[in-house]
Each structure stands twice: as C-alpha cells, then as structure tokens.
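The values are calculated or read from the model by the stated rules, or taken from the named source; none is laboratory data. Only a predicted model underlies this, so the values are computations on that prediction, with no experimental measurement involved. Heads up, the Cβs are rebuilt from the backbone with ideal geometry, glycines too, and the neighbour counts pull from every protein chain shown. We work out accessible area using only protein heavy atoms, side chains counted, and drop any ligands, DNA or RNA first. Shrake-Rupley method; radii C 1.70, N 1.55, O 1.52, S 1.80 Å.
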Amino acid sequence: MEIADIEFSLWPDVLTEVSEHLPELERDLHRLVQQPQSPELLSSAFRHLHTIKGDFGYCRANVIMNYVHKMEGVLQSLREGRFLCSPFIAEALLQSMDQVPEMMESVTRTRQYDGKSRDTLVALIEQLAQATTQEQADQIARHILLSAHGAYFEEPVSVVQTPAPSPESYARALALGEQLTAALVARQPGWAGRAEMQLDLVTRLNGQYRQQVRAESLKLAVYWHDVGMLQLPDRLWLAAPKPKTDDWASYAQHPGAAVNWLFAIAPDCTEAAQIIRQHHQWVNGFGIRAEEYEGAPHPGAMMLACADLLHERVVGLRGEDYRRGVLRAVFDVNGGLDSRFDASVINAFQAISRDIPIPE
C-alpha cells in the first residue's frame, strides 16, 4: 500500500467525485441528529461514504480507502440500530472525515501520503463501530473529538509526585483554609455549603481517575482556591470580568494571592499550590494562566475546575432547575471541542453527574 500503488492518471477524477460527495455526507449527518432513526438519511449517508471509499479504491489510494472504511463501519452500526446518531457521534464522524481532505491535499501536492500518525484516532473509530449502547457510543465519540483536535491523552496526565507536606504543616494549612472559606461565606451567603459540595465532587472524580491525585492536596485546594477573592472589591466578587477588560488584571491575581498566603504558613504544600494556580486555565487557554507551570494542567486543577463549573451552574437552584443546571455543567465540560480537560476527567464527570443529589 505504498504511494507508488496510486494510479495518478485517475487522481483528478477521484478528487472531483469525492469533493461532490463530502458536502452531501455532511448534510446527511447534520440532518440525522434531528432525525436519527430516518432510514432514508442513514442509507444516503452510507451511500455517500461508500462511494468515497470506492473512489479511493478505484485509483488504489489504499491508505485513504482503508481509513474511510473504518468510518463506514460506524455508519453500518447506525443502520443496524445499535445506537443513534447523537450530536456527539455526528460531530465525531465529521471531524474524522476532515482528515480526508488533508490526506488528499498531501497526495496532490507532494505525491506522498502526509505521514501523520492517526493510529489512536483509527483505533477509536473501530471501537465506536463496535459499540453496543448509546452511552458507550457517545463516550467513545467524545474521545474521537479530543483525538481529532490533538487534545486526546492516550494515558492520563503524568502527575509529578511532589513530597507530601508534613502533618503539622498540612493541619495548619487546612485549619486556616477552613477559616478563610468561612469568611468567604460571610461575605457571600450564597456560597454556604459550596466547599463541602466541591470537596465531595473532586473526591469522587479522583476516585474514577486512573492515576489518582493525593487526596490531601485536593482537600487543601478546595478550601484555598478562592480565598484570594477576599482582597477583591465587591463589583468583582461574583461578576467575573472578561479577559482584556480593565478589571481582568486585578481579578486574575486571586489564585496567586491564595497561593502566596498558603506558602506563608505552609511552604511545603506545593501540589495544592499547583492545583490552585492552574484551576482557571482549564479551557482554551483563555482562563487565568499559571505561567509557573508548563504543559497540560494538573489533573487536580481540572477536577477543581469541574467543581467550579458545577457550582456556577446550580448555585441558588432547586428541583428541576437544579437538574437542568447539572446538565448544563455536563455540556460545558464535554461539549466544547477546544476543551483543555483530558478524556478521563470528561468521562468521570459525565459518570458521576448522574448521582449528584438534587435538592428539592
């Protein structure tokens, strides 16, 4: 299946044919989200994809043909009713198909395949084709979206094991953190119970993470991550400013202020400090950047970001409104294609969201 196998005299005709079918396939997939059980749309989408695969086979572009064949398996599973074409699955197929024009362009321009490794993506597409439930299919589709955007981690983020703080240092930091959290609640009564809810959430997220974070560091981070807001004026208390506005610089200092206060009494609580500094850096790089650390956010920072998101969505709500708030938080965590969350945190949050108690 080398590039020399391609019959380049047929390549222009193949480009024309494929370019006609790709937009039709995209339209069918978008319509399937609205009518996921439509046999006509399923047959049409399958026909377009099958034709694209056949075109590449016709000119013996076997690498591209085999890649498209993997996605054909997903559409066949949809036709067999193993699962429905949810927004996640439709988008996963569309993002996966976006690789095809890249491969075509490389062959056209250089007469070489692009050499890009798609092994992880192909393996996930194969898993999606074999899914037997809607929940399983949607979960794999989320992994595909992360992989297609270069954000998928085949293994969880490596947690650098820093030395644990001394028992005396930890006890001192926790006691003061609890006092400062009480001061936050005194200033904003709507935050009553916030720390307890967030601690429960991050503890359960950590329990589902494949490489667990030190529980003591997470607990300190929960009680300390917002205490720097005590220095902010009332107008910035709950109405967080947008990046690049006049108030952003002042607001962005609060995680650093919290860490400075923590280090003043417990300089060996370094892992908790990293979690605090990075917990706003969770999406798109537009959050509060923690310049002290390179690479992906600490898993604990992502867990704490989930807890912040959940509280933001449900604070003050009860009953069915609370349930809707939980669903919005789930969408916020796993719905954005530019998410900085890794796949393990996304799936853990999705799983535990079903068990979050709904206050009446």
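Helical content alone sets the calculated 222 nm signal of the chain at -20000 deg cm²/dmol, taking -39,500 (n - 2.57) per DSSP H segment of four or more residues and averaging over every residue.
Per residue, the chain exposes 47 Å² of solvent-accessible protein surface, assessed with a 1.4 angstrom probe and all protein chains in place.
Tilt of helix 39-58 relative to the longest C-alpha principal axis of the chain, in degrees (0 to 90, nearest 10)? Compared with the principal axis, the helix lies near 70 degrees. Once the Cα atoms are used to define both axes, helix 343-353 deviates from the longest principal axis of the chain by about 70 degrees. Dipole magnitude for region 1-139: computed about the Cα centre from +1 point charges on Lys and Arg Cβ and -1 point charges on Asp and Glu Cβ, it is near 140 debye. Rounded to the nearest 20 debye, the dipole size of region 194-289 about its Cα centre is 320 debye, using +1 on the Cβ of Lys and Arg and -1 on the Cβ of Asp and Glu.
Against the main long axis of the alpha-carbon atoms of the chain, helix 62-79 sits at an angle near 70°.
Using R0 = 41 Å, the C-beta based FRET efficiency linking Arg109 and Gln179 works out to 0.05. Using the Cβ-Cβ distance between Ser117 and Arg204 with R0 set to 51 Å, the FRET efficiency from 1/(1 + (r/R0)^6) comes to roughly 0.90. Note on the chain: dipole from Cβ charges, positive end direction compared against Gln350, Thr108, Ala141; the farthest Cα belongs to Gln350. Normalised by the number of residues in the chain, the average gap of Cα pairs under 8 Å and 6 or more apart makes the relative contact order 14 percent. Between Ala252 and Ser9, the contour length at 0.36 nm per residue exceeds the alpha carbon distance by 81.6 nm. Counting Lys and Arg as +1 and Asp and Glu as -1 over every other residue whose Cβ lies under 12 Å from the Cβ of Leu180, the net charge comes to -1.
Could you look at the chain and say what percent of its accessible area is carbon and sulfur, using a 1.4 Å probe and all protein chains?
Working: 8760 of 17010 Å².
The C+S portion of the solvent-accessible surface of the chain is 51 percent.
When the dipole is taken about the Cα centre of the chain, and only Lys, Arg (+1) and Asp, Glu (-1) are charged at their Cβ, what size is it in debye, to the nearest 20? List each step's numbers first, then the result.
Numbers: 32 positive and 47 negative charges, 152 e Å.
Rounded to the nearest 20 debye, it is 720 debye.
Between Pro165, Leu232, Tyr209, the Cα set farthest toward the positive side of the dipole of region 153-275 (charges on each charged residue's Cβ, about the Cα centre) is that of Leu232. Pick out, from Ser77, Ala90, Ser43, the residue whose Cα sits farthest towards the positive end of the charge dipole of region 22-91, with +1 on the Cβ of Lys and Arg and -1 on the Cβ of Asp and Glu. Farthest towards the positive end: Ser77.
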